[in-house]
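The values are calculated or read from the model by the stated rules, or taken from the named source; none is laboratory data. This is a predicted model, so every value here is computed, not measured. When we count neighbours, we look across all protein chains shown, and the Cβ atoms used for this are built from the backbone with ideal geometry, even at glycine. The protein model used for the area step is the full one, side chains on, heavy atoms only, and it has no ligands, DNA or RNA in it. Shrake-Rupley method; radii C 1.70, N 1.55, O 1.52, S 1.80 Å.
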Amino acid sequence: MRTNKNYEPKPLFLERMQKLLGKDMEKYLEFSKKPVLNSIRCNTLKISPEKLLSRLKDKGWKIEQPFKENPEIMIIKGKFANKENVNDKREVNNDTKLVSSNNKNSLGWEGGKELIPLEPGELGRALEHLLGYYYVQEIASMLSVLALKPKPNELVLDIAAAPGSKTTQIAAEMKNTGTIIANDVSIGRLKILASNMERCGVTNAILTKRDGIVLCKKLKEANLKKVEGKGNLVPYLLDKILVDAPCSGEGTIRSSPATLQMWNPKTIRQLSKLQKALLSSAIEILKLNGELVYSTCTHAPEENEEVLDFVLNKFKDKIKVEKINLPVKCRPGLTGWGGGDYNNEVKLACRIYPQDNDTEGFFLAKLRRTR
């Protein structure tokens with residue numbers, strides 16, 4: 001896949017992906033070689049998508065908003081060179097047609113202007129980024145929060161929050177109301193999370209440093225209550241929980257090809273055990289009719305459908321998998337792998353592959369507490 005021999009996929013990885021994809025394997029390998037798109041999410045706590053779009057266009061950036069219902073999601077296709085190439089203007093038949101260029105870095109021509117890539121680091125150095133007007137975030141990474149649909153004034157737990165892309169997205173959806181418990185086990189990662197929250201103007205979050213399983217246990221033991229109605233005390237459990245679990249990262253090879261070098265089945269098995277414990281702990285503190293999104297950036301069924309199957313069996317009749325509507329192509333969850341069968345509900349999960357949406361790989365499922 002890549003010229004660097006250290007980043008060549010291992011035979012067992014290819015074998016597993018072939019079983020998952022069948023005839024789509026060749027297209028998957030083709031897309032896995034491509035760099036990820038430059039995608040950003042408008043931070044609506046500070047600016048509207050319309051105003052941000054105007055500012056970025058004034059910088060000469062070419063912007064696309066691929067999803068009508070989610071104008072905050074933007075793709076930067078490149079930027080227009082400062083000087084027009086007069087000799088090539090005659091090759092443009094209309095204002096939108098792109099034509100070829102002798103410049104090896106050229107992305108084409110539009111309206112007599114050459115479109116070129118952004119410079120390395122330009123997205124992060126831009127004033128609009130420093131002001132917190134947008135967050136540099138891959139589109140697949142945004143899907144968890146789109147599925148979770150946090151609402152103003154809810155109590156939400158982001159159990160593995162750092163570096164903050166999803167926490168800041170949750171805060172924007174909640175309009176800085178309610179409470180987010182943004183947790184991470186690493187103090188170094190929490191510092192990055194705090195910095196990103198400050199930059200994005202998030203004011204409704206509490207940061208906690210705990211192992212996610214321990215945190216859920218402590219919250220359950222605390223037996224928190226709140227006053228509701230005519231002074232009645234009711235359990236104060238979580239309205240929404242995001243379990244964006246630590247995973248083997250098979251879906252991130254476009255942006256992090258070193259993942260191929262580190263990949264091994266032993267890690268997958270170890271992570272699967274952790275994910276089952278983490279998800280089980282989170283379900284324990286989800287209120288009746290509360291919703292939870294479980295997501296990973298891997299394709300491994302052991303870390304995805306097997307984890308769902310585990311909790312569906314453990315919490316029989318207490319949870320169910322919900323159908324998810326997302327603005328991208330989703331393939332259904334697998335109902336079996338490696339000779340074993342999974343609960344039929346797992347097919348309601350979403351598998352996101354690079355070749356289907358020109359994104360990184362992702363997996364997510366939405367659970368509802370039923371009793």
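The figures follow:
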{"item": "Output for the range 133-179, where each listed residue is closer than 15 Å to V293 by Cα and part of a strand (DSSP E or B)", "result": "L155, V156, L157, D158"}
{"item": "Any hit, the range 309-325, residues being open to solvent by less than 30 Å² (accessible area, probe 1.4 Å) and within 27 Å of F67 (Cβ to Cβ)", "result": "yes"}
{"item": "Residues (open to solvent by 40 Å² or more (accessible area, probe 1.4 Å) and either among the charged types (D, E, K, R) or in a helix (DSSP H, G or I) (or both)) located in the range 200-214", "result": "K209, R210, D211, I213, V214"}
{"item": "Residue match in the range 43-59 (condition: at pLDDT 95 or above and among the small types (G, A, S))", "result": "yes"}
{"item": "Selected residue (criterion: farthest from V293 (Cα to Cα)) from residues of the range 339-371 that are open to solvent by less than 50 Å² (accessible area, probe 1.4 Å) and assigned to a helix (DSSP H, G or I)", "result": "Q355"}
{"item": "G249, sole failed condition from (1) modelled with pLDDT of 95 or more; (2) out of contact with any Cys (no Cβ under 6 Å at 6 or more places or on another chain)", "result": "(2)"}
{"item": "Strands (runs of 3 or more DSSP E) fully within the range 215-332 counting 1 or more residues that are at positive phi and not aromatic (F, W, Y)", "result": "286-296"}
{"item": "Within the range 1-62, helices (runs of 4 or more DSSP H) holding 3 or more residues that are open to solvent by 40 Å² or more (accessible area, probe 1.4 Å), in contact with an Asp or Glu (Cβ under 6 Å, 6 or more places away or on another chain) and not hydrophobic (A, V, I, L, M, F, W, C)", "result": "none"}
{"item": "Condition met for L98 (among the hydrophobic types (A, V, I, L, M, F, W, C) and at pLDDT 95 or above)", "result": "no"}
